[in-house]
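The values are calculated or read from the model by the stated rules, or taken from the named source; none is laboratory data. None of the values given here were measured: they were computed from a predicted structure. Here the Cβ positions follow ideal geometry from the backbone for every residue, glycine too, while neighbour counts run over all protein chains shown.
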Amino acid sequence: MEKENKLETMRHSLSHVMAQAVLELFPEARLGIGPAIEEGFYYDFDLGEKSFGPNDLKEIEKKMKKIISGNQKFEKYEEDIKKAIAYIKKKKQPYKHELARDLEKEGETKLSFYRMVALNGKKKFIDLCKGPHVASTKEIGKNRRRVLEG
């Protein structure tokens with residue numbers, strides 16, 4: 001069971017790596033959700049009228065490998081629900097905003113976020129998320145085959 005949880009955690013962390021890569025390449029992308037699943041992981045993206053092509057997928061993979069090799073840390077933090085909703089709205093992420101508003105309606109008073117932080121301390125990606133995640137992308141790199149093959 002612990003092996004499955006570790007694999008799920010790494011896969012979920014990879015979904016955040018993919019979201020960061022997509023936003024770096026397509027800053028207009030709107031984020032949905034990005035869970036781990038039995039076969040791997042995914043992340044829902046809305047690019048409006050555009051869709052990813054084969055060359056885009058190659059660039060996303062290349063960017064993901066660079067992020068992983070950068071040994072970025074995953075840091076969890078919580079925000080008061082009102083402040084969190086205002087932050088998400090400012091980021092122009094309508095699906096995340098809708099999710100946060102739904103959580104508020106369900107009675108949540110705080111929301112958790114994970115940020116990915118480069119070795120130089122620069123925040124690279126922040127996402128509304130309950131986690132958990134690996135400590136850093138270095139763990140994904142060491143276990144890449146296991147993460148992808150199960």
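Please indicate, with yes or no, whether at least one residue in segment 138-146 is modelled with pLDDT of 95 or more, among the charged types (D, E, K, R) and loosely packed, with under 14 Cβ neighbours inside 10 Å.
no
For residue 34, all conditions in the list (1) within 26 Å of residue 9 (Cβ to Cβ); (2) not in a loop (DSSP other than H, G, I, E, B) hold save one; what is the number of the exception?
(2)
Limited to segment 66-104, what total is found for residues that are out of contact with any His (no Cβ under 9 Å at 6 or more places or on another chain), more than 26 Å from residue 140 (Cβ to Cβ) and not in a strand (DSSP E or B)?
The number of residues fulfilling the criteria is 16.
Say we look at segment 91-125 and pick out the residues that are over 16 Å from residue 81 (Cα atoms) and hydrophobic (A, V, I, L, M, F, W, C); which of these is surrounded by the most Cβ atoms within 10 Å (Cβ to Cβ)?
That would be 116.
Could you identify the single residue in 28, 24 that is touching a residue at least 12 places away in the same chain (Cβ under 8 Å), among the acidic types (Asp, Glu) and surrounded by 15 or more Cβ atoms within 10 Å (Cβ to Cβ)?
24
Among 131, 107, which is the only one that is outside any helix (DSSP H, G or I), touching a strand residue (DSSP E or B) at 6+ places or on another chain (Cβ under 9 Å) and not hydroxyl-bearing (Ser, Thr, Tyr)?
So the residue among 131, 107 that is outside any helix (DSSP H, G or I), touching a strand residue (DSSP E or B) at 6+ places or on another chain (Cβ under 9 Å) and not hydroxyl-bearing (Ser, Thr, Tyr) is 131.
So, in segment 34-90, how many residues would count as being surrounded by 13 or more Cβ atoms within 10 Å (Cβ to Cβ), of a type in the set (Ser, Thr, Tyr) and without any contact (Cβ under 8 Å) to a residue 12 or more places away in the chain?
Residues meeting the conditions: 1.
Kindly establish whether residue 126 is of a type in the set (A, V, I, L, M) and at pLDDT 95 or above.
In short, yes.
Those residues that are of a type in the set (Phe, Trp, Tyr) and under 17 Å from residue 115 (Cα atoms), I need them from segment 42-77; list them, please.
Matches in segment 42-77: 43, 74, 77.
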